[in-house]
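Here the structure comes first, spelled out in structure tokens, and everything after it is commentary.
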Amino acid sequence: MSREMLAILALVQALIVAVLFGLLIWHRIVRTLQDQYRSRKATGVTAALREWVAGSGDGAAVATAFRRCPIPAGRQGIEEAWKEMGSEERERVSELLRRSLWTRRARRSCRSRFWWKRMEASQILAFLDDPADVPVLRERLRDRAPAVRVGAIFAARALTPPQLLDDLLQLVVKAEPARRKVLLDALAAYGAVVVPALARHLEDPRLGTSERASLLSLAEHLANSVREPELTECVLPYTRDLQLEVRVKAVRALATLPGERADARLLRALRDPAWEVRAQAAKALGRRGTPRAARALRQALGDRTWWVRLRAGIALRQLGRAGRAELQGAQREADPFARDMADYALRLEDAAVLEYGS
Amino acid sequence: MRGILTSFVLFWDDVVIWYFVVLNLFYGFLFLMSVGETWKNWMLATRLHLSARFDRETLPPISIIIPAYNEAVTILDTLEAQLALEYPHLEVIVVNDGSEDETFDAIQRAYELYEVPPAFVRKLETREVRGYYRSRHHPALLVIDKENGGKADALNAGLNAARYPLCATVDADTIIAHDALPRIVRPFLMEDHVAGAGGTIRVANACRFERGVAVDPQVPKRYLAGVQVPEYLRAFLFGRLGWNRLGGNILVSGAFALFRRDLLMETGGYPVKSVTEDLDLTVGLHRALRERGLEYSLPFVPDPVAWTEVPEDVGSLGRQRERWHRGLIRTLLRNARMLVNPRYGRIGVLAFPFFTFGEMMAPVVEVIGYAVVLLGIWLHLLNWDYALLFAALSLGYMMMLSVWAVMLEEFTYRVYPRMWDFFRLILYALLEPFGYRQLTLYWRLKAFWKALIQDRSWGRQKRQDRNDRRPGPERGEDRRRVAVVR
């Protein structure tokens, strides 16, 4: 490399460093002003919405607050006001926002060619709860940019009635564990209306093992809030599935589902050839507090797998007096497995028993 | 003899110059790649509102694993900070790795522990676990008491017991920013096939913390700590973001990272005989997942922040840097079959050659460069104008990269709001090539010797009370916190 070349490079480098310095100083000043403006606009939106909800401000004041408001600042302002509102107030605000010019601008951004604009706009649709947005949200759920899809899931979750139910169910079967949780929550928020759609999707013969197991996770998730016998009925057949993963998920879901048939199926699952299913069944029976399971659980104390024995022991503790009596009986048994586990389970603190079953 | 020496000098002169040109062209390329990534991540950080209240409950649950060995003085503060994190579904697992001090007793007293049965099958082999404990006040806390087996062994015990599909590993001397978890989980929500993600590590030395939250981030006034701020910025904001575009990072920092538990279990967890278990784990994951032909990514996410104490004395810093470089040498040699091997994709073809020739060998080439200059002077071969221009160019280039990293920080996250900190940051970026760089060169060269003699030590740990360095009204108001330099 010649000396002249080095000199030119050094000069260019020095110029770049000088430009970077200039940019740094300029940016610090400009950004400070910009941040102040955005924060002012966001605070203005929040205050206007709060006043409007309280009845002390009018729609014109809200429109003024949104005038020339950058979309991120507007969203931030709505979000801040949203936190303190009840569902009725939120409905009123949604109604107001649907008519605003600012929202129209945000809606247009839903189809922008820039992914970050589509992402921002999709999230704003969550505040509108407008059935008219269903087609655009359906597009965004399948957007090529992953971030837009996440924004759309959150917006779809806020829609009442759940018009994107089937779209979300299709996404659940393919999602990885971390993303599945978001989708499951979105679907669980819809409540009982999901059950018939879930039953329909579960019966789809094209589903693979892990896909069916994902849908059964939804049943387990729903069981916390939906106590419909239909949900139990839609899970029951899968406790006898050929695939271990599916059986385990089905038994887990039954832990909190209502119905005598669920108890009977769990008792049968205690004799499943796979220890994973037997262990889950023992845990589920403990969680359900089924007194007639005490005898079967005592037998499970002698299971050849330690995990099944442990879960049966804890389940018996969870059954209360009846379970404790079975454990004390097992302490006198000839089977050393059952005896040892009964000893161990009786020694556990109540807090440990409660925690294990949760 | 003079003829041989002259040929030697001329040959190595060319080698060093071309090495410099190629390496710095690649840095320039990395520099360009980081621009788009910075923009993308900044837009996501500021506009995808995962932590907004009405979305929080939907975030996937996370198990945080904290390995603790002789951390009696720090562990309660660390736990308080982790348990106060803003995240809806969180489990904090502390693994007491056979501490010889009162680490376990301190936790037991503060959190009223009671023994619980194990909840999951132990899939990774570890040293014997003495017991599992939960707290009467904090249902999210699980304490594992086990025999000493090293940091990697403790992490594996934590992985065995974790109940959630995503596991964050955090060093016991590191404080995660209160909003870091909703941020680091972002790539897992956005894309399938994310195996793990790393967050940014920032220098905590001059920062004031209140209940685990950095309320007053500052650039340290002491040279040795301060000069590491632009160095960390360069490594995280520019280096790792650039690598995001070039096929992924070969290092996801263990001080703060989030992984898919199932993949870690399948690939055997943390390698127990390593001195840089995070580097070994990341390279091992790349290797295992590529060999299985699985689609995956290991992105770096710049906005989730964890604060860590950096060494402030030459001895501790030297031991840390020597160990880091020794770990790099050992990991690269152990996985030498990945080098320029198309089977491992861009990791094999791009990242491995860069880390082998650009990072691992850099101190050797630099020392040869200095030797050639000295020989050139002795043989009257040195063209002083050319040499000075070359020195100015190389120092200037390094400064430019550091200033660029400061600029990325300033244009996006701007963690240091004070003007004085901003100027101090630039000053350190300009001072870094003088003295500090030469010191790190010495430590990295020493690592070659230690790697050769198969040294597996971590070096002595030095404990330091953060508040002792902070005279003024805030002293004594902060929670006492002792840093462990690893």
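The values are calculated or read from the model by the stated rules, or taken from the named source; none is laboratory data. Quantities reported herein were computed from a predicted structural model and do not represent experimental measurements. Cβ atoms come from the backbone with ideal geometry, glycine included; neighbour counts cover every protein chain shown.
I need the full set of residues from segment A:64-93 which are in a helix (DSSP H, G or I), over 17 Å from A:Ala54 (Cβ atoms) and either of a type in the set (A, V, I, L, M) or out of contact with any Gly (no Cβ under 9 Å at 6 or more places or on another chain) (or both), in order please.
A:Ile71, A:Pro72, A:Ala73, A:Gly74, A:Arg75, A:Gln76, A:Glu79
Going by what's in this entry, would A:Ile78 be described as closer than 18 Å to A:Tyr37 by Cα, in contact with a Ser or Thr (Cβ under 7 Å, 6 or more places away or on another chain) and within 14 Å of chain B (Cβ to nearest Cβ)?
So A:Ile78 fails the test.
Okay, residues lined up against (1) buried (at least 21 other Cβ atoms within 10 Å of the Cβ); (2) of a type outside the set (S, T, N, Q); (3) under 22 Å from the mean Cα position of the chain (by Cα):
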{"position": "A:Ile71", "(1), (2), (3)": "no, yes, no"}
{"position": "A:Gly86", "(1), (2), (3)": "no, yes, yes"}
{"position": "A:Ser94", "(1), (2), (3)": "no, no, no"}
{"position": "A:Trp115", "(1), (2), (3)": "no, yes, no"}
{"position": "A:Glu120", "(1), (2), (3)": "yes, yes, yes"}
{"position": "A:Val136", "(1), (2), (3)": "no, yes, no"}
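Is at least one residue of segment B:369-385 within 10 Å of chain A (Cβ to nearest Cβ) and outside any loop (DSSP other than H, G, I, E, B)?
yes
Please enumerate the residues belonging to segment B:390-447 that are farther than 29 Å from A:Arg31 by Cβ, within 11 Å of chain A (Cβ to nearest Cβ) and surrounded by fewer than 19 Cβ atoms within 10 Å (Cβ to Cβ).
B:Ala391, B:Ala392, B:Ser394, B:Leu395
Can you pull out the residues in segment A:332-341 that are closer than 15 Å to A:Ala294 by Cβ and either of a type in the set (Ser, Thr, Tyr) or surrounded by 15 or more Cβ atoms within 10 Å (Cβ to Cβ) (or both)?
Within segment A:332-341, A:Ala338, A:Met341 qualify.
In the set B:Val219, B:Val143, B:Val194, which member is at pLDDT 90 or above and within 21 Å of B:Ala405 (Cα to Cα)?
B:Val219
Go through the residues of segment B:420-443 one by one and say whether even a single one is farther than 17 Å from B:Arg234 by Cα, part of a helix (DSSP H, G or I) and in contact with a Leu (Cβ under 9 Å, 6 or more places away or on another chain).
Yes, segment B:420-443 has at least one match.
Of all the helices (runs of 4 or more DSSP H) wholly in segment A:112-183, which have at least 2 residues that are more than 10 Å from every other protein chain (Cβ to nearest Cβ) and closer than 28 Å to A:Ser100 by Cα?
Passing ranges, in order: A:115-128, A:134-141, A:146-158.
Within segment B:86-109, can you find the residues that are touching a residue at least 60 places away in the same chain (Cβ under 8 Å), touching a helix residue (DSSP H, G or I) at 6+ places or on another chain (Cβ under 6 Å) and farther than 20 Å from B:Leu155 by Cα?
Selection gives B:Tyr87 alone.
Only one residue in A:Gly22, A:Gly44 is closer than 19 Å to B:Phe422 by Cβ and without any contact (Cβ under 8 Å) to a residue 40 or more places away in the chain, so which one is that?
Checking each option against the conditions leaves just A:Gly22.
How about segment B:56-80: which of its residues are of a type outside the set (D, E, K, R), at pLDDT below 85 and assigned to a helix (DSSP H, G or I)?
B:Thr78
If I go through segment B:268-299 residue by residue, how many of them are aliphatic (A, V, I, L, M) and in contact with a strand residue (DSSP E or B) (Cβ under 9 Å, 6 or more places away or on another chain)?
3
If you go through segment A:188-213, how many residues are within 20 Å of A:Glu245 (Cβ to Cβ) and not basic (Lys, Arg)?
Of the residues in that region, 13 qualify.
Out of B:Tyr397, B:Tyr413, report the one residue that is in contact (Cβ under 8 Å) with a residue 60 or more places away in the chain and in contact with a strand residue (DSSP E or B) (Cβ under 7 Å, 6 or more places away or on another chain).
After ruling out the rest, the residue left standing is B:Tyr413.
Just to be sure, is A:Gly323 more than 14 Å from chain B (Cβ to nearest Cβ) and either more than 19 Å from B:Ala119 (Cβ to Cβ) or under 38 Å from the mean Cα position of the chain (by Cα) (or both)?
yes
Under 7 Å between Cβ atoms, which residue pairs at least 6 apart in sequence (or on different chains) link something in segment B:285-312 that is in contact (Cβ under 8 Å) with a residue 24 or more places away in the chain and part of a helix (DSSP H, G or I) with a partner that is surrounded by 23 or more Cβ atoms within 10 Å (Cβ to Cβ) and of a type in the set (Val, Ile, Thr)?
Going by the 7 Å Cβ cut-off, the qualifying pairs are B:His286/B:Ile250; B:His286/B:Ile347; B:Arg290/B:Ile347.
Are there any strands (runs of 3 or more DSSP E) wholly within segment B:111-188 with 2 or more residues that are touching a strand residue (DSSP E or B) at 6+ places or on another chain (Cβ under 6 Å) and more than 14 Å from chain A (Cβ to nearest Cβ), and if so which?
B:129-135, B:141-146, B:166-170, B:174-176
Of (1) modelled with pLDDT under 95; (2) buried (at least 20 other Cβ atoms within 10 Å of the Cβ), A:Arg278 satisfies all except one. Which?
Unmet condition: (1).
Any idea which residue in segment B:139-164 is farthest from B:Glu71 (Cα to Cα), counting only those that are surrounded by fewer than 16 Cβ atoms within 10 Å (Cβ to Cβ) and of a type outside the set (Lys, Arg)?
Result: B:Pro139.
Residues checked against (1) within 14 Å of chain A (Cβ to nearest Cβ); (2) surrounded by fewer than 21 Cβ atoms within 10 Å (Cβ to Cβ):
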position: B:Glu191; (1), (2): yes, yes
position: B:Thr200; (1), (2): no, no
position: B:Val203; (1), (2): no, no
position: B:Ala214; (1), (2): no, yes
position: B:Val219; (1), (2): no, no
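Out of B:Thr38, B:Thr46, B:Thr78, which single residue is away from chain A (no Cβ under 12 Å), of a type outside the set (A, V, I, L, M) and either surrounded by fewer than 18 Cβ atoms within 10 Å (Cβ to Cβ) or within 28 Å of B:Val406 (Cβ to Cβ) (or both)?
Of B:Thr38, B:Thr46, B:Thr78, the one residue that is away from chain A (no Cβ under 12 Å), of a type outside the set (A, V, I, L, M) and either surrounded by fewer than 18 Cβ atoms within 10 Å (Cβ to Cβ) or within 28 Å of B:Val406 (Cβ to Cβ) (or both) is B:Thr38.
Can you tell which of A:Leu285, A:Leu257, A:Leu316, A:Leu267 is assigned to a helix (DSSP H, G or I) and either modelled with pLDDT under 90 or over 20 Å from A:Thr232 (Cα atoms) (or both)?
A:Leu316
Can you pull out the residues in segment A:288-307 that are small (Gly, Ala, Ser), more than 33 Å from the chain's Cα centre (by Cα) and part of a helix (DSSP H, G or I)?
Once the filter is applied, which keeps residues that are small (Gly, Ala, Ser), more than 33 Å from the chain's Cα centre (by Cα) and part of a helix (DSSP H, G or I), segment A:288-307 yields A:Ala294, A:Ala296, A:Ala300.
Just the residues that are part of a helix (DSSP H, G or I) and either closer than 26 Å to B:Glu410 by Cβ or among the aliphatic types (A, V, I, L, M) (or both), please, taken from segment B:313-347.
B:Val314, B:Leu317, B:Leu328, B:Ile329, B:Leu332, B:Leu333, B:Ala336, B:Met338, B:Ile347
Which condition number does A:Gly59 fail, the rest of (1) more than 10 Å from chain B (Cβ to nearest Cβ); (2) under 24 Å from A:Leu165 (Cα atoms); (3) in contact (Cβ under 8 Å) with a residue 12 or more places away in the chain being met?
A:Gly59 satisfies all of (1) more than 10 Å from chain B (Cβ to nearest Cβ); (2) under 24 Å from A:Leu165 (Cα atoms); (3) in contact (Cβ under 8 Å) with a residue 12 or more places away in the chain except (2).
Would you pick out the residues in segment B:133-188 that are among the polar types (S, T, N, Q) and under 18 Å from B:Asp278 (Cα atoms)?
B:Asn156, B:Asn160, B:Thr169, B:Thr174
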